[in-house]
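The values are calculated or read from the model by the stated rules, or taken from the named source; none is laboratory data. All values reported here derive from a predicted model rather than from experimental measurement. Every residue, glycine as well, gets a Cβ built from its backbone with ideal geometry; the counts of neighbours run over all protein chains shown. Keep in mind that these areas ignore ligands, DNA and RNA; they rest on the heavy atoms of the full protein, side chains included. Shrake-Rupley method; radii C 1.70, N 1.55, O 1.52, S 1.80 Å.
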Amino acid sequence: MHEHNFVLLTAQQLSGKCIPSKVQFQIALQITENYIAGRKELKLPLNNLEADLAEAKNEIGN
């Protein structure tokens with residue numbers, strides 16, 4: 001995952017800037033999915049969030 005991936009950044013925030021656990025990555029995936037759904041509902045731009053989500057899911061294996 002690239003260092004500016006939204007899911008990675010969210011997982012790092014959940015871990016207190018330590019190395020995130022798999023559970024924290026899964027929570028970050030759910031947060032990102034909810035965030036994307038909310039932005040779509042409001043018709044706001046996604047700014048590559050879907051690409052970040054796909055990249056994270058591929059790497060995490062979810």
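In this structure L14 has an accessible area near 80 Å², from a 1.4 Å probe over the protein heavy atoms. Each residue of segment 23-38 is assigned a 3J(HN,Hα), and the resulting list reads 4, 5, 5, 5, 5, 4, 4, 5, 4, 5, 4, 5, 4, 5, 4, x Hz, derived from the Karplus form 6.51 cos²θ - 1.76 cosθ + 1.60 (θ = phi - 60°), x at Gly and Pro. Okay, which of segment 6-24 sit inside 16 Å, backbone N to the point 7 Å along the Cα-Cβ direction of A51? Once the point is set 7 Å along Cα→Cβ of A51, 6-8 turn out to lie under 16 Å by backbone N, inside segment 6-24.
Is the shape of the chain best called rounded, prolate or oblate, per the rule: a/c under 1.5 gives rounded, else a/b larger than b/c gives prolate, else oblate, with a ≥ b ≥ c the square roots of the Cα gyration tensor eigenvalues? Prolate shape, in that a/c is at least 1.5 and a/b is the bigger ratio.
Given Cβ point charges of +1 (Lys, Arg) and -1 (Asp, Glu) and nothing else, what value in debye, to the nearest 20, does the dipole of the chain about its Cα centre take?
160 debye
Karplus-based coupling profile of segment 47-56, in residue order and whole Hz: 6, 6, 5, 5, 5, 4, 5, 4, 4, 5, with θ = phi - 60° in 6.51 cos²θ - 1.76 cosθ + 1.60 and x standing for Gly or Pro.
Normalised per residue, the accessible area of the chain is 67 Å², obtained with a 1.4 Å probe and no contribution from ligands, DNA or RNA. Heavy-atom surface analysis with a 1.4 Å probe gives segment 1-57 a carbon and sulfur content of 59 percent of its accessible area. Counting only lysines at least 8 places from K22 when in the same chain, those with an alpha carbon closer than 23 Å to its own are K57. Spin-label model, K40/I60: points 7 Å from Cα along the beta carbon direction are separated by 1.7 nm.
Sorted on the mean count of surrounding Cβ atoms within 10 Å across their residues, most packed first, peptides 27-38, 1-12 read 1-12, 27-38.
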